Structure formats: C-alpha cells, structure tokens
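No value in this document is a laboratory result; all are computed from the given coordinates. Since the model is a prediction, treat every value here as computed from it, not as a measurement. Every residue, glycine as well, gets a Cβ built from its backbone with ideal geometry; the counts of neighbours run over all protein chains shown.
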Amino acid sequence: MRISQRAMTAEPFHAMGLIQKATAIEDAGHPVVRLNIGEPSFGAPESVRQAMVDAMDGRALPYSFALGMPALRERISWFYKDRHGVDVDPARIAITSGASSALLLVTAITVDPGADVLLADPSYPCNRELVLAFGGHLVPIPTTPATRYQLTVELLREAWTDATQAVMIATPSNPTGTSLPAAELAAICELAKARGVWRIVDEIYLDLADPDSDGAAPQTVLAHDPDAIVVNSFSKYFGMTGWRLGWCVLPEALVGPAETLAMDFFLSASTPAQLAALACFEPEALAEAEARRVELVARRHLMVDGLARIGLPVDSVPDGAFYVYPDVSSTGLDAWTFCERALAEAHVALTPGKDFGRTHGDTHVRLSYASSREDIVEGIARLGRWLATLG
C-alpha cells in the first residue's frame with residue numbers, strides 16, 4: 001500500500017516541534033511564556049458564549065445547508081454594510097468550518113493542476129500547501145521591509161507568467177501584521193482582473209486593522225473589487241478560534257461550484273457554532289470585540305517598544321493582526337537556532353520564519369502579542385536577559 005505523493009511531500013508546521021518541546025519544559029516544572037500562538041487570549045465575547053450554551057439545550061441540531069444558515073449569511077452581509085460600507089448579497093457568502101476550510105474551498109475552485117499562483121514571501125504556510133495539494137505551481141514573490149513585506153503591482157508584473165491563474169493576498173498579513181495600502185490593493189486587483197486572474201484575499205485579520213486617519217474602519221477589498229474572493233473568520237476579531245467557523249465571499253459564478261464542493265468536502269459547518277455566531281453581530285458583542293481590538297493595539301506598542309529596548313527592533317511595525325516579525329540575524333544566530341535556544345535557555349516560545357517562506361526564513365522570527373500584557377512583559381524581559389548572555 002502506498003501513501004499519496006501529496007501527503008508525503010506536504011510541509012508540516014515546523015514550529016510544532018518547538019511547541020512540543022515547550023510543553024515538555026512546562027511538564028518538567030518550568031513555566032514557558034508562549035509568544036508563538038496566533039490565538040487571542042480573550043476567548044469569544046460573553047454573549048456569544050451564552051448563545052452557545054442556549055443552543056445546547058437539548059434541541060435537535062441537524063446539518064445546516066452546505067453554504068451555511070441563511071440567517072448567519074444575512075448577518076454577515078449586514079456587517080459588511082454597517083462596518084465597511086459595501087453591499088454583499090448573502091447568497092454570495094459561504095459559511096465554512098473555519099477559515100482553513102474556506103481557503104480549501106476557494107483553492108479547489110480556482111486552481112488547476114499546473115496553474116501558477118502568485119503570493120508574497122513571507123506568507124501563511126497553509127496557503128502554499130493547499131495550492132500544491134491541488135497540483136498548482138507556487139510563485140512566491142520575495143518581499144522586503146521597503147514594501148512592508150507586501151506585494152506591489154511592480155512585483156506582480158515581474159513575476160507574472162502565462163500560466164498565472166490566481167493571486168493570493170493577505171491584508172493584514174500573517175506573519176508580519178502589515179496591510180496593503182488601499183490604493184495598492186485596488187491597483188493589484190485591477191491588474192489581475194484585466195488579465196483574467198482570480199484575486200483571493202485573506203481578510204481574516206481585517207477587523208483587527210487600525211482605523212484610517214478619520215477613524216473609519218479599514219476597507220475590505222470588496223470596496224474596490226466586488227468580484228474578488230474574500231476569506232474571513234470568526235477566530236480572530238471575535239476570538240472564536242476553537243469554534244472552527246469562517247466564511248468566504250464569492251463571485252456569483254463560483255457560488256454553485258462552491259456549494260457542490262462544500263457538500264463533498266465537509267457537508268456543512270457546525271450547527272451550534274453557527275447558531276451562537278449570530279450573537280456576534282449584536283451591539284454588546286461588537287462593542288466587546290472592538291474594545292479588544294483597542295487592547296491589542298496597546299499590547300502591540302508594549303511588544304514593539306520592548307523589542308527595540310532589548311536590541312531587536314521591528315523594521316515594519318504592524319498596523320493590524322497581532323504579530324511582529326523582527327530580524328534576529330544581528331544576534332549571530334539563524335532564526336531556528338534563535339528560537340530553539342530562546343525556548344531552552346529563556347523559556348520563551350517563538351515561531352521561526354522557516355514556516356513562512358524562504359526569503360526571510362533564516363533571519364526573522366514571529367512573535368504574537370495576542371498573549372496577555374503580563375506575558376508580553378515577562379517574555380521580553382526573559383529574552384533581554386538571555387540576549388545579554390550572548391554578548
């Protein structure tokens with residue numbers, strides 16, 4: 001019996017090995033400060049948690065429609081209008097088992113074997129692996145602090161091939177926390193659309209992005225390109241990581257294929273999670289989520305200032321998500337060794353850049369400020385004392 005080539009060649013999350021080591025260190029009685037996990041410390045808003053309790057009152061919880069409960073799709077449509085000022089037909093919204101399933105669905109619909117998919121390096125590793133799993137060809141485009149680790153129209157033009165079928169964008173990005181300026185995002189979409197190429201935009205962290213100078217909410221790509229494909233999630237802004245609930249917004253032509261593949265891949269998203277998620281769009285939960293976004297900005301300043309103080313300045317300060325991506329090469333260590341030793345010697349867990357691409361994989365590490373203020377302060381203090389021992 002043979003294991004599929006797809007499974008044999010897939011790259012794992014390399015940082016998982018470090019996570020296991022962190023657990024072993026804690027089991028040995030040494031507390032580890034975990035600045036490596038992209039998981040808000042808050043959990044879901046209180047009213048959403050209560051809605052889940054109410055949903056589990058003994059009622060029948062049957063499968064929902066493959067693309068999700070109509071009521072939840074309508075609430076998300078309302079959210080786009082109320083917060084971002086765009087009209088999105090609820091029929092174009094598909095509810096998925098987390099944003100990961102949305103990315104799976106979208107990649108399956110848009111990527112043929114042999115097709116080129118352009119995306120930034122660094123980028124979220126699962127995007128790359130999904131493209132490869134469906135037989136696509138990755139075209140990772142090296143980025144630098146000069147573009148805040150984001151794609152530009154010029155970079156895309158240089159990397160374009162006759163086989164390009166899709167462009168993947170993340171704004172704000174994991175692992176850098178940086179966003180594409182609205183004008184640049186619009187120009188990228190215009191270029192791709194003119195060449196008949198799908199625009200797949202990861203907006204999982206959109207509502208954790210900073211407001212503009214007038215205090216307005218960050219713009220969705222749909223404000224510039226109504227036919228872009230958008231992936232989003234309840235995990236980050238609403239703190240519902242373990243609930244495994246996400247969504248995507250699709251062009252009308254893709255709704256039918258998405259419904260078919262959703263039935264085949266996962267049938268439907270969790271019914272109780274969908275019922276509870278309806279409460280996310282009530283004023284109480286929205287106010288709580290927004291207060292948490294403001295708290296994350298405070299944690300960002302705490303981490304960025306702290307890293308600069310210990311000699312690890314962040315060259316592209318994030319404006320969203322909850323990550324920073326400093327260059328650690330000044331320490332004389334490669335990123336993997338830096339993370340291994342920081343864990344073993346300072347008991348601070350970080351994520352090496354190796355998981356996010358080759359361009360900066362040996363020089364950069366990702367830290368998450370989704371952890372508590374206390375953990376951020378303690379973690380940076382430990383790192384500072386440890387760095388001092390390196391000379």
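In the chain, helices alone account for a calculated mean residue ellipticity at 222 nm of -12500 deg cm²/dmol, with every DSSP H run of four or more residues adding -39,500 (n - 2.57). Taking the Kirkwood radius as Rh and the Cα radius of gyration as Rg, the range 264-352 has a ratio of Rg/Rh equal to 1.16. Take each peptide in 348-357, 79-88, count the other Cβ atoms within 10 Å of every residue, and average; sorted highest first, the result is 348-357, 79-88.
Across q = 0.09, 0.11 Å⁻¹, the range 215-364 modelled as identical point scatterers on its alpha-carbon atoms has Debye log10 I(q)/I(0) values of -0.46, -0.67, in the order of the q list. Amide hydrogen proximity for residue 111: with H placed 1.01 Å from N in the peptide plane, no residue at 5 or more positions away or on another chain lies under 5 Å.
Legend: translational diffusion of the chain by Stokes-Einstein, Rh = Kirkwood radius over C-alpha pairs, 37 °C, 0.692 mPa s; D = 152 µm²/s.
Does the range 113-165 classify as rounded, prolate or oblate by the C-alpha gyration tensor (a ≥ b ≥ c root eigenvalues; a/c under 1.5 gives rounded; else a/b over b/c gives prolate, otherwise oblate)? Judged from the Cα gyration tensor, the range 113-165 comes out oblate (a/c at least 1.5, b/c at or above a/b). If you wrap the tightest convex hull around every Cα atom of the range 129-198 and split its volume per residue, you get 92 Å³. Computed over the range 174-234, the Cα gyration tensor eigenvalues convert (square root of 5λ each) into semi-axes of 20, 14, 10 Å, ordered from largest to smallest. Under 14 Å of direct C-alpha separation, and excluding same-chain neighbours fewer than eight residues apart, residue 236 reaches these aspartates and glutamates: 39, 202, 203, 207, 288, 290, 295.
Backbone phi angles across the range 164-169, fed through the Karplus curve with coefficients 6.51, -1.76 and 1.60 (θ = phi - 60°), yield HN-Hα couplings of 4, 10, 7, 10, 9, 10 Hz in residue order; Gly and Pro are listed as x. Computed across the range 51-174, the Kirkwood hydrodynamic radius from all distinct Cα-Cα pairs reaches 17.0 Å. 3J(HN,Hα) along the range 238-249: 9, x, 9, 4, x, 6, 6, 9, x, 7, 9, 10 Hz, from the Karplus curve 6.51 cos²θ - 1.76 cosθ + 1.60 with θ = phi - 60°, whole Hz, x for Gly and Pro.
Note that the range 339-382 carries a Kirkwood radius of 11.2 Å, evaluated over its alpha carbons pair by pair. When the P(r) is computed for the range 21-66, the part past 18 Å accounts for 61% of the Cα-Cα pairs. Dividing the radius of gyration of the alpha carbons in the range 193-273 by their Kirkwood radius gives 1.02 for Rg/Rh.
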